[in-house]
Amino acid sequence: MSKKIVKIAVDIPIFQLFDYIWDEDELNQAPKRGQIVKVEFGKKIITGIVLQEIGDYSCAIDQEKSLKKVIALAQLIKIDDALLRLCQFASKYYLRPLGEIIFSTIPTDWKKTEKWDALEKQRNRKLKKEQEKTLQKREQQEWILNKEQQIAYEQLIRISSKNTFELVLLKGITGSGKTAVYLKWLKEILDKNDDQCLILVPEINLTPQLEKTIKQVFIDQEVSVLHSNISQIERNVAWWKIQNGFSRVILGTRLSIFAPIPKLKAIVVDEEHDGSYKQQDGLRYNARDLAIWRGVDIKIPILLTSATPSSETWQKVLQKKITLLELNKKAKEGATISQLHLIDINQARKNKSLDMYGITNEIKQVIQKTWEKNKQVLIYINRRGYSPILHCAACQWKSECKKCSAWMVVHKKAIGSKDFSLQCHHCGLISAPPASCPSCGNQDLATVGMGTQKIEEHLSNEFAQMEVIRIDSDSTKNKGSADEVFTQIHEGKPCLIVGTQMITKGHDFQHVETVIVLDVDKSLYSQDFRAIEKMFSQLVQVAGRGGRSGETDQSNIYIQTEFVDHPIFKSLAEHRYDDFITDVVNERKENQLPPYTYQALIIVESVAEKKNLEVLYEIKRYMEKQNLSQTTIYDPTPRMLHKHAGVERNQILIESKDRTELQSILEKALDLIEMLKKKSRSIKIHIDRDPTSF
Ligand code: ADP
Ligand code: ZN
Ligand code: ZN
């Protein structure tokens, strides 16, 4: 018997699986779970994945169901069983069709059946090219670990030798050498066998240094780097190498949690607190959580690292579900922990020592002093553009985006004959600023508030002798330009670096002595219950960019604020992150918020809010019919950004003390949701599990 029936998940966002005939004579092999195949679906030829064989084929079945044959089989790629299990879990937990998960995580070229033959040729060409390139011997990077690093390292070795799942947190102050510890650990693991490891990082293009260091540590092993900025060819070949075990170290951003790594022996989630592990649209997953699931499933250790662990992770520490390893000293001889200085804006205003850009004299003095010492100053302001708003003082008109419930940001970028333009950071709309107020005709429109460009302009004037380097997503848009500016900073010439959160993460700056933070106040009293935790972590991170080398004097961080008495600053000054985050976790418990409750959002989008609300109330009523002992379903509310690119967005929040109950409610609601989607194609409905943005 050479014909079988197989169950297949297809590359279409639909929950149903489909039966196809597998003809062994034609395909030259027996069906196997995880094979990628080409099938006819309706009138289209699409990709699918074999999930299981369900039996021999008989004509009787075929007459009943008129099954189609699997047309062809991808030779180069197959999804291994462990990865398939991960996708199946993600499908269930995030309530998305399995086919959608699998096919949105593999390189796009693999989905195009007409490309399969070309892919093989392309791979061979690329491999040949790589071999021809005479391998430049890299310079090996090695550290002599200090005492506490050594202890952490030895504990990690002990943990990995158990060959089982264990969740570990390496908590270390910035610059304590966490990277050195985990790289040495992974190297030890990989030196023994031809195993593989995965290092997840929040963003790679911001930290080219890490990639370089990793390549210098794993001098004899192939390192593959996966992120959104690599070409299709690079991605195809990397996937093939990873899948076949040739790549030993995989360094990647969140999507690489779905990489096919057959001999995976450890996962590191670097900077585990970072918000970018959560995907905010499409398949809304959390790569840190999936890493832990993958660790449990295949019985390997998962190492989280951070200077400022998230409340979710810290809760697990308090519940003793995590092995905690700590580094409390700077790794480099002479490196200093930045000392906090608060600058009271109200006081400065009274003393008339605040300029019209909102910068105090004190700040200017420390910039001057640092400059005189030939060191670098880093200024953090989390707003790109020139100014967040254009405003008419006569009638209070503000530059609102036509398509979003958001302000258009003023950018110092020419448009037509104007030197400035207005940009919406949400929908991307760009327009020329009006010559006069559209509402009252006033000619005198003013920019209100500061963005990186305004600060750059202002400080370039104030400190004409100093070079000002601006780093934000506008200044680093072109490929390689981020590399360029970071290289310039690493060269060490005294300068003023002005940047958004892009400068806070991970950079090993050697010459920064002074860190200045403008504009924290809006996060101190935010509606978002996670804002304070995020802010604290950003402040610790940005403070950690100073004093890293030992070549600078005591490093300092200056924060301008109207709220000098806010408790966050006390914890920050005394470097008591543990106490701070323990308080945060306890408060969440008191207020019954995550991680003590589990949340999900059902989001409905369409051009008509009325329609959104109808749909949401229908879903709510349906869910309320179930037996809800632990769960609250709230009324529909507008999303924080209510209107986006002309689309109105509303949501309901579902909150439960019991994860299983929440799962079951959502699973049941899914049928209704699918039905509603089919009924009205003009609406979109999404489920967001463990949401971090509202
Ligand atoms: P973290 O990740 O904890 O912020 P890094 O691993 O980036 O810290 O280390 C900070 C700096 O200290 C890096 O320049 C690194 O090369 C250096 N470093 C780490 N460990 C040692 C060590 N044992 N001896 C000397 N320098 C070290
Ligand atoms: Zn006006
Ligand atoms: Zn917009």
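The values are calculated or read from the model by the stated rules, or taken from the named source; none is laboratory data. Treat the numbers as computed from the prediction; the structure is a model and nothing was measured. Cβ: placed from backbone, ideal geometry, glycine included. Neighbour counts: every protein chain shown. Only protein heavy atoms, including side chains, enter the accessible area calculation; ligands, DNA and RNA are left aside. Shrake-Rupley method; radii C 1.70, N 1.55, O 1.52, S 1.80 Å.
Based solely on its DSSP helices, what 222 nm [θ] is calculated for the chain when runs of n ≥ 4 H residues each add -39,500 (n - 2.57) and the sum is averaged over all residues, nearest 500 deg cm²/dmol? Walk me through the intermediate numbers first.
Values: 21 runs with 236 residues, N = 694.
Per the formula, -10500 deg cm²/dmol.
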- Could you check how much of the accessible area of segment 564-694 is carbon and sulfur, as a whole percent, using a 1.4 Å probe? 50 percent
- Message: Suppose every Lys and Arg Cβ carries +1 and every Asp and Glu Cβ carries -1, with no other charges. What dipole size does segment 338-493 come out with about its Cα centre, to the nearest 20 debye?
- Response: 280 debye
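Given a 1.4 angstrom probe, what's the average accessible area per residue across segment 274-327, in square angstrom? Mind showing how you got there, number by number?
Values: 1710 Å² over 54 residues.
Solvent-accessible surface per residue comes out at 32 Å².
Throw me the Rg/Rh for the chain, computed over C-alpha atoms with Kirkwood Rh, two decimals.
Details: Rg = 27.5 Å, Rh = 28.0 Å.
Value, to two decimals: 0.98.
Which of the pairs 589/643; 171/265; 32/92; 418/522; 32/184 have their Cα atoms more than 27 Å apart in this structure?
Numbers: 589/643 33 Å; 171/265 21 Å; 32/92 22 Å; 418/522 31 Å; 32/184 38 Å.
Correct reply: 589/643; 418/522; 32/184.
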- Task: Would you list which lysines come within 17 Å of residue 412, measuring only between C-alpha atoms, while excluding same-chain residues fewer than 8 positions from it?
- Result: 454, 477
- Item | Selection from 18, 201, 542, by position along the positive dipole direction of the chain (Cβ) | 18
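Would you please name the GluC sites (Glu not before Pro) within segment 154-188 that are DSSP coil residues with at most 14 other C-beta atoms within 10 Å of their C-beta? It would help to have the intermediate numbers written out before the result.
Details: sites: 154, 166, 188; in loops: none.
Here no loop site has a sparse enough neighbourhood.
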- Roughly how tilted is helix 531-543, in degrees to the nearest 10 and between 0 and 90, from the longest Cα axis of the chain? 70 degrees
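Pairs to check: 316/570; 329/364; 4/678. Give those whose C-alpha atoms are more than 27 Å from each other in this structure. Before the final figure, lay out the partial values.
On the way: 316/570 25 Å; 329/364 31 Å; 4/678 33 Å.
Beyond 27 Å: 329/364; 4/678.
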- Placing +1 on each Lys and Arg Cβ and -1 on each Asp and Glu Cβ in segment 275-418, then taking the dipole about the Cα centre, the residue among 302, 339, 377 whose Cα reaches farthest towards the positive end is 377
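In a shell of Cβ-Cβ distance under 15 Å around residue 544, excluding residue 544 itself, what net charge do Lys and Arg (+1) and Asp and Glu (-1) give? If you can, show how the numbers build up before the last one.
Values: positive: 171, 178, 329, 330, 332, 505, 545, 548; negative: 270, 271, 274, 508, 513.
Neighbourhood net charge equals +3.
Rounded to a whole number, what % of the accessible area of segment 452-506 do carbon and sulfur atoms account for, probe 1.4 Å? Walk me through the numbers on the way to the answer.
On the way: 1010 of 2360 Å².
Roughly 43 percent of what the probe reaches on segment 452-506 is carbon or sulfur.
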- Could you give the size of the charge dipole of the chain about its Cα centre, using +1 on the Cβ of each K and R and -1 on the Cβ of each D and E, expressed in debye and rounded to the nearest 20? 1140 debye
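Report the local net charge at residue 631: Lys and Arg +1, Asp and Glu -1, summed over other residues whose C-beta lies under 11 Å from its C-beta. Let's see the in-between values first.
Details: positive: 657, 659; negative: 624, 655, 658, 661.
Spelling it out: positives minus negatives among the neighbours equals -2.
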- Message: Taking R0 as 41 Å, what FRET efficiency do you get between residue 419 and residue 668 from their Cβ-Cβ distance, rounded to the nearest 0.05?
- Response: 0.10
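Using only alpha carbon pairs under 8 Å that are at least six residues apart, calculate the relative contact order of segment 371-442 and give it in whole percent. Spell out each step's value before the answer.
Details: 102 pairs, mean separation 16.6, N = 72.
Rounded, it is 23 percent for segment 371-442.
How many percent of the accessible area of segment 112-205 is carbon or sulfur, using a 1.4 Å probe?
Accessible surface attributable to carbon and sulfur in segment 112-205 totals 48 percent.
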